[in-house]
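Notes follow once the structure below has been shown.
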Number of protein chains: 2
Amino acid sequence: MITIPYPKGHKIKVRNKIVESAAQAFRTNGIHDVSVPFIMKGAGLTHGGFYSHFDNKEQLVAEACRYAISDTITLLQKVADEEKHNPRIHTVIDYYLSPYHRDNTEMGCILPALSGEISRSSEEVRQVFTQELERMIAFISNLAEIDTVKGSALFSTMVGSLVLARSVNNPELSASLLSAGKQYAKDLVMT
Amino acid sequence: MITIPYPKGHKIKVRNKIVESAAQAFRTNGIHDVSVPFIMKGAGLTHGGFYSHFDNKEQLVAEACRYAISDTITLLQKVADEEKHNPRIHTVIDYYLSPYHRDNTEMGCILPALSGEISRSSEEVRQVFTQELERMIAFISNLAEIDTVKGSALFSTMVGSLVLARSVNNPELSASLLSAGKQYAKDLVMT
DNA sequence: TATAATATATTACGGTCATCATATTATAAA
DNA sequence: TTTATAATATGATGACCGTAATATATTATA
């Protein structure tokens, strides 16, 4: 006879908490700089139980990245849906290149946050990024009513501007990178 | 009486070798994933001598980043100078977004390679990046004969395209990201 | 209320890290 | 050739890593 000693779905909930904790931690501190004990602490657990949920850290990395990108697409969709007057792509560009998004890496788009590290990750992780980036480009292109080639260039501009705006020390330069990105991203859509 | 046991300039040469080794290693594997022993081995030395050249790892990071960006600007200048017919900015864009540059991170531009990690680095390192990025934007803007705001957007597009092209697993998608970036970067210059 | 099954915690292991103290080596001058 | 010493190597320290084995806590059911 099979009994269920813990509440039904308990383990899945805990597992999701670990993924969420990891997705947040990776965006804030990078993949390699975040330890399993740190992630588990973020989920309110101790590190030992980790391996009853995941085979290894790499598996969690892949899941957390997929979770984070999906989350961002959902958020951008919501941002677009709330706009009633201006072109919806403009609203998304403005959000993506806002000081808020720049300064809150831990809940933002994972692509600029982990950009460098992804190319050095395992095939499994890169596969996830490839799939999710394709979804992101499709989403952006659809919203802007442009083809996916142009959509790729648009999203590249957005990612590059955000990455550089986060790298610099000088607030004026950072703001200028954001606003230049916004302006020419919108220009790109309209030409 | 003071004796000089090693040839004049010996230590400076060794120090430069360490910086070069670090600049290459950081671009290939990221800052945090590269250890001091690994860098020293790359310079043909053992780890212990490191602290007679640098106060700590962070100081080397800052120097290696400055070295790497200067190196890249010099290289791009040379690439531009070799072009006789087309607009020189086109040649630089084509080089920057070439498969060669995408696939040889270790000798390429450090900004896309370390983008995510820079924003989490010390003030000292971010200060270096700020200064060198300003130089890079000035160089690009001057070459394209556009103002620095437009130049910022142009360089953002280049960085973003390269970052995303390196992240994905799918060769076609990667190539498409490069060519989309090239096309719209050139469009941006001319409009 | 006891039990069985499952979720989480504790503890340990082997490895690598940055850093430092000390020993050794290489070489210019005496 | 000897000597002084700068440059480099060796080895150690304490911290933290990913991973794993084992122990403990939890709770739906009998």
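The values are calculated or read from the model by the stated rules, or taken from the named source; none is laboratory data. All values derive from a computational prediction rather than experimental measurement. Here the Cβ is made from the backbone with ideal geometry for all residues, glycine too, and neighbour counts use every protein chain on show. These area figures cover heavy atoms from the full protein model, side chains too; ligands, DNA and RNA do not enter into them. Shrake-Rupley method; radii C 1.70, N 1.55, O 1.52, S 1.80 Å.
If a/c stays under 1.5 just call it rounded; otherwise compare a/b with b/c (prolate if a/b is bigger, oblate if not). Do that for region B:114-191, with a ≥ b ≥ c from the square roots of the Cα gyration tensor eigenvalues. Cα axes put region B:114-191 in the oblate bin. Note on B:Lys150: lysines with a C-alpha under 19 Å away, same-chain residues under 8 apart excluded, are A:Lys150, A:Lys182, A:Lys186, B:Lys182, B:Lys186. For chain B, the share of accessible area belonging to carbon and sulfur comes to 54 percent (1.4 Å probe, ligands and nucleic acids excluded). The simple spin-label model puts a point 7 Å past each Cα toward its Cβ; for B:Ser70 and A:Asp81 those points are separated by 5.3 nm.
Distances between copies of B:Pro37, taken at a point 7 Å out from Cα along the Cα→Cβ vector and listed shortest first: 2.0 nm.
Listed by chain and number, the aspartates and glutamates whose alpha-carbon sits under 19 Å from that of B:Lys84, ignoring those within fewer than 8 places in the same chain, are B:Asp94, B:Glu145. Straight-line cross-link reach from A:Lys57 at under 22 Å between alpha-carbon atoms covers these lysines, not counting any fewer than eight positions away in the same chain: A:Lys11, A:Lys13, A:Lys17, A:Lys41.
Classified by the C-alpha gyration tensor, the protein assembly as shown has an oblate form. Its axis ratio a/c, with a ≥ b ≥ c, is 1.5 or above, and a/b does not exceed b/c. For the pair B and A, the buried accessible area comes to roughly 3800 Å² in total, with a 1.4 Å probe and the value rounded to the nearest 100. Ranked from shortest, the separations from the 7 Å Cα-to-Cβ label point of A:Pro87 to its equivalents in the other copies are 2.2 nm.
A simple charge model with +1 on the Cβ of Lys and Arg, -1 on the Cβ of Asp and Glu and nothing else charged puts the dipole of region B:139-191 at about 100 debye relative to its Cα centre. Around the Cα centre of the protein assembly as shown, unit charges on the Cβ atoms of Lys, Arg, Asp and Glu (plus for the first two, minus for the last two) sum to a dipole of about 680 debye.
For the residues of A:125-137, the average number of beta carbons from a partner chain within 10 Å of their own beta carbon is 3.
Taking a ≥ b ≥ c as the square roots of the eigenvalues of the Cα gyration tensor, region B:57-190 is oblate, since a/c reaches 1.5 or more and a/b is not larger than b/c.
Considering every residue in A:108-117, what mean count of other chain Cβ atoms within 10 Å of its Cβ is obtained? If you can, show how the numbers build up before the last one.
Numbers: counts 0, 0, 1, 5, 6, 4, 5, 13, 18, 9.
Other-chain Cβ atoms within 10 Å of each residue's Cβ, averaged: 6.
A dipole drawn for region A:61-156 from +1 and -1 charges on Cβ atoms has a positive end, and of A:Gly108, A:Ile118, A:Asn86 the residue lying farthest that way is A:Asn86.
Here region A:1-132 is treated with +1 on each Lys and Arg Cβ and -1 on each Asp and Glu Cβ, and its dipole about the Cα centre works out to around 440 debye.
For peptide B:169-178, what's the mean number of Cβ atoms from other chains within 10 Å of each residue's Cβ? Spell out each step's value before the answer.
Values: counts 11, 6, 0, 0, 6, 1, 0, 5, 7, 2.
Across B:169-178, the average partner-chain Cβ count within 10 Å equals 4.
Axis between A and B by rotation; chain A residue with nearest Cβ and distance in whole Å recorded as A:Gly160, 1. Comparing A:Met136, A:Gln59, A:Leu164 along the charge dipole axis of region A:57-190, the residue lying farthest to the positive side is A:Leu164, per the Cβ-charge model.
For region A:32-110, the per residue solvent-accessible surface stands at 50 Å², with DNA, RNA and ligands left out and a 1.4 Å probe.
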